[in-house]
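The values are calculated or read from the model by the stated rules, or taken from the named source; none is laboratory data. Please read all numbers here as calculations on a predicted model, not as lab measurements. Here the Cβ positions follow ideal geometry from the backbone for every residue, glycine too, while neighbour counts run over all protein chains shown.
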Amino acid sequence: MVGLELKLRMGMQLVMTPQLQMAIKLLQMSTLDLSDYLQEELEKNPLLEKTDGPDVENGGVSESATATQGSSADKDLAAPEPPPERPEKVKESDVPESALNEELSADTSWDDVYGDSYGAVPFENSPGSTEAPPIENTLASGQSLQDHLIWQLGVSAVNEKERTLGLAIIDAVDENGYLGTDLQSIADMANTTLDDVEDALILVQSFEPAGVAAQNLSECLKMQLKSQDMAISPYTDLLDYLEDLARRDFRKLRRVLKISEEELADAVSVIQSLNPKPGLAFGSDQTNYVVPDVFVRKHEGEWVVEINPETVPNLRVNRSYENSFSSRMSSKDKQFLTDNVRSAQWLIKSLEQRSSTIFRVAESIVSFQKDFLEHGPEHIKPLILKDVADDIGVHESTTSRVTSNKYMHTPRGIFELKFFFSSSLGSGTGETHSSEAVKFKIKKLVEAESPRRPLSDEKLAKLLSEQGIEVARRTVAKYRDALNIPSSSRRKQLSSDN
């Protein structure tokens, strides 16, 4: 016989409520993603409104927001007392009109919440100026390569079959403009013959930009020569020896092509004028910007951090609904207004928490990386997420979310917050060096080397060791590749050719 028994067990666990999940989502959003999300909320919630602009005089977030401390990930992210996801229906008699009016009259405007800046000072492009320093936003082209090709297909295809196969080929073209799938696979997918696919490919390859839908580099460049009526020898012949051209083996090229040094130089010049990646002239479907979330500047000998006022959303509860309640209003309508005012207040407080956390993380990064700000990339320090998390009293995951897609404007340029985190390399004296700083040292050594006697990876490792940085030759090679610096033999060859 199976016995039944009742036991009590105590335990602690973090419940991921919808409100906490949304707080985490807001924290890791980029400025542009947040703007899109808030626009959706403004359209859905009639009690949420956007004010005319940021508080120009105060220029940011108040000290009350700065005081928001979090000893753990839960405290740092959890929204303050959110309403239940699905509140029970409230009877009309259970909701006093005065209480509802008091609920609605609570003005949680960002102008009130963020009175003063986080202890920062105005930017001084000119005496007394409060304008931020000029920002160079990066912008990608609005029309994609696929859109451009599909438009040309629409005015070029002579029948439905040609159009269908053309679309299949265009779909297989990568961002560089090359055909990323073999023709037989396209034929099998479309249940047609290889000849039909080849005919459709000829059509697509006639489109602009010249060289699009090529299957390899040589074909791409030959198509561009053809479009310029330059598909003649020795230009086309040279494209059959691209590997020798990449090695700059000009002696062999003159011998196999049977041309003079002047003719070869002319042919090389023509080939170098072609575009090896024609698709990159077109951007992706989405326009991408880089907007700094924080500004860092030096004031009276101290590095100061300020939230970018352009990224601070100016939201508040709409007071025009304050007198909307009446004794004749149904309980359903009252519940709708109550739910929306609570949702708006929760969102505003979550946004305040988001800005506070971003500021604290940025301020901590600045405190760790003062040498970088003062002296440049060579002095960037090793830094991991745990260092910043421990410094401001949050969980590592919170720091990771904050540093994703957030940017810092400094006198040395605009950097993603992740840039300031890097692994460390040891030294003979016990001192650690950031991998980014080591890369910068390698770059400086290469720039100062003799063109006729370039430094090998082993020699670079030895020179770094003399500076107290213990690094293996293979690590030097990895960092050199990351910096797009050719090998020593390649650099020597390039020097002799010039």
Quick one: which residue in VAL361, VAL341, VAL388 is at pLDDT 90 or above and farther than 19 Å from LEU34 by Cα?
VAL388
Scan the stretch 177-200 for residues that are in a helix (DSSP H, G or I) and in contact (Cβ under 8 Å) with a residue 40 or more places away in the chain and report the count.
0
Pick from the stretch 201-221, criterion touching a residue at least 60 places away in the same chain (Cβ under 8 Å) and not hydrophobic (A, V, I, L, M, F, W, C), ranking: surrounded by the most Cβ atoms within 10 Å (Cβ to Cβ):
GLY211
Is there a residue in the stretch 236-252 that is in the same structural domain as LEU179 (by TED's automatic domain parsing), β-branched (Val, Ile, Thr) and assigned to a helix (DSSP H, G or I)?
yes
Got at least one residue in the stretch 126-143 being of a type in the set (Val, Ile, Thr) and modelled with pLDDT of 80 or more?
no
Yes or no: ALA187 at pLDDT below 80, outside the structural domain of LEU32 (by TED's automatic domain parsing) and out of contact with any strand residue (DSSP E or B) (no Cβ under 9 Å at 6 or more places or on another chain)?
no
Test ILE380 against the criterion of being crowded, with 22+ Cβ neighbours inside 10 Å, modelled with pLDDT under 90 and assigned by TED's automatic domain parsing to the domain that holds ASN308, and give yes or no.
yes
Going through (1) among the hydroxyl-bearing types (Ser, Thr, Tyr); (2) more than 33 Å from the chain's Cα centre (by Cα); (3) closer than 27 Å to ASP244 by Cα one by one, SER465 fails only at (3)
Going through the stretch 226-251 one residue at a time, which ones are crowded, with 19+ Cβ neighbours inside 10 Å and either touching a Lys or Arg at 6+ places or on another chain (Cβ under 8 Å) or at pLDDT 90 or above (or both)?
LEU239
